[in-house]
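For reference, the structure is listed below as structure tokens.
The values are calculated or read from the model by the stated rules, or taken from the named source; none is laboratory data. Worth saying up front: this structure is predicted, and the values here are computed from it rather than measured. No Cβ is skipped: glycine too gets one built from the backbone with ideal geometry, and neighbour counts run over all protein chains shown. Heavy atoms of the whole protein, side chains included, go into the accessibility calculation; ligands, DNA and RNA do not. Shrake-Rupley method; radii C 1.70, N 1.55, O 1.52, S 1.80 Å.
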Amino acid sequence: TASPDGRRVAASVLTKIYVADKSDAAPERLTSSDAWEFKPAWSPDGRWIAYVTWSMNDGGHIYRMRSNGSGRPQRLTDIPAFYTDLVDRPDGDTLYAMRGNEYMRHQTFSEFTGLGIPLELISLPAAGGGQAVIGPAHGSRAPHFGADPERIYLYDDKGLYSIALDGSDRRDVLVV
């Protein structure tokens, strides 16, 4: 994932988050955690990288870490679950993610067929706190923002659509 200024990239490599300047091929490990780290997402100002952890037994959480690697990771969620597809709201105040049941992930996940578990779209303060369920994802993935910061866009098997931040007012954008 490219940083907002386009100068750096963050990636999950062999279950750890690494950050590198695009002009330099030497990536540096973001954390020293033993957790499995995935799905890095930059804050709009580039100062933070949010990411998810997954474990074999205990579920996972959403964390954030300063993008320069200083300090310690901050756990943002209080409910262990399967988290994926993080995105920051353009104002940097709210994170959005997909959340699913960790037990069902172990029963149905396939690298080749994708997720077979129901996911829900959630939001939480970017600095951590209570999670709000926006609604069931109904097979949608990849939440992201466009020009309007009051709408979030998602893909499903029919194409691209947007919803209001409370989950209402679905609008099809591109139907395939």
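Tabulated values for the structure
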| item | result |
| --- | --- |
| Flag if G135 is farther than 20 Å from G92 by Cβ, in a loop (DSSP other than H, G, I, E, B) and either modelled with pLDDT of 95 or more or not acidic (D, E) (or both) | no |
| Test: residue in the range 57-64 that is open to solvent by less than 30 Å² (accessible area, probe 1.4 Å) and polar (S, T, N, Q) | no |
| Subset of the range 65-90 (residues that are at positive phi and under 13 Å from the mean Cα position of the chain (by Cα)) | D85 |
| Within the range 39-49, tally of residues that are touching a residue at least 40 places away in the same chain (Cβ under 8 Å) and open to solvent by 70 Å² or more (accessible area, probe 1.4 Å) | 2 |
| Residue check for I62: on the phi < 0 side of the Ramachandran plot, in contact (Cβ under 8 Å) with a residue 60 or more places away in the chain and of a type in the set (A, V, I, L, M) | yes |
| Residues of the range 142-158 satisfying the condition of being within 14 Å of V87 (Cα to Cα), among the charged types (D, E, K, R) and not in a strand (DSSP E or B) | E150 |
| Hey, V52 open to solvent by less than 10 Å² (accessible area, probe 1.4 Å) and either without any contact (Cβ under 8 Å) to a residue 12 or more places away in the chain or closer than 24 Å to P118 by Cβ (or both) or not | yes |
| Extreme residue, farthest from Q131 (Cα to Cα), among residues of the range 51-72 that are in contact with a Lys or Arg (Cβ under 7 Å, 6 or more places away or on another chain) and not aromatic (F, W, Y) | S67 |
| Subset of the range 1-33 [surrounded by 10 or more Cβ atoms within 10 Å (Cβ to Cβ), part of a loop (DSSP other than H, G, I, E, B) and among the small types (G, A, S)] | S3, S33 |
| Test: residue in the range 66-89 that is assigned to a loop (DSSP other than H, G, I, E, B), aliphatic (A, V, I, L, M), open to solvent by less than 10 Å² (accessible area, probe 1.4 Å) and touching a residue at least 40 places away in the same chain (Cβ under 8 Å) | yes |
| Any pair with Cβ under 9 angstrom, 6 or more apart, that starts in the range 131-148 at a residue that is at positive phi and ends at one that is of a type in the set (F, W, Y) and surrounded by 12 or more Cβ atoms within 10 Å (Cβ to Cβ) | A142/Y153; A142/Y155 |
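One line per residue, one yes/no per condition, for (1) under 30 Å from R151 (Cβ atoms); (2) acidic (D, E):
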residue	(1), (2)
E37	yes, yes
P40	yes, no
I62	yes, no
G69	no, no
F82	yes, no
D85	yes, yes
D93	yes, yes
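Condition check ((1) closer than 17 Å to E120 by Cα; (2) surrounded by 15 or more Cβ atoms within 10 Å (Cβ to Cβ)) across all residues:
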site	(1), (2)
P136	yes, no
A142	yes, no
R151	yes, yes
S162	yes, yes
R171	no, no
L174	no, no
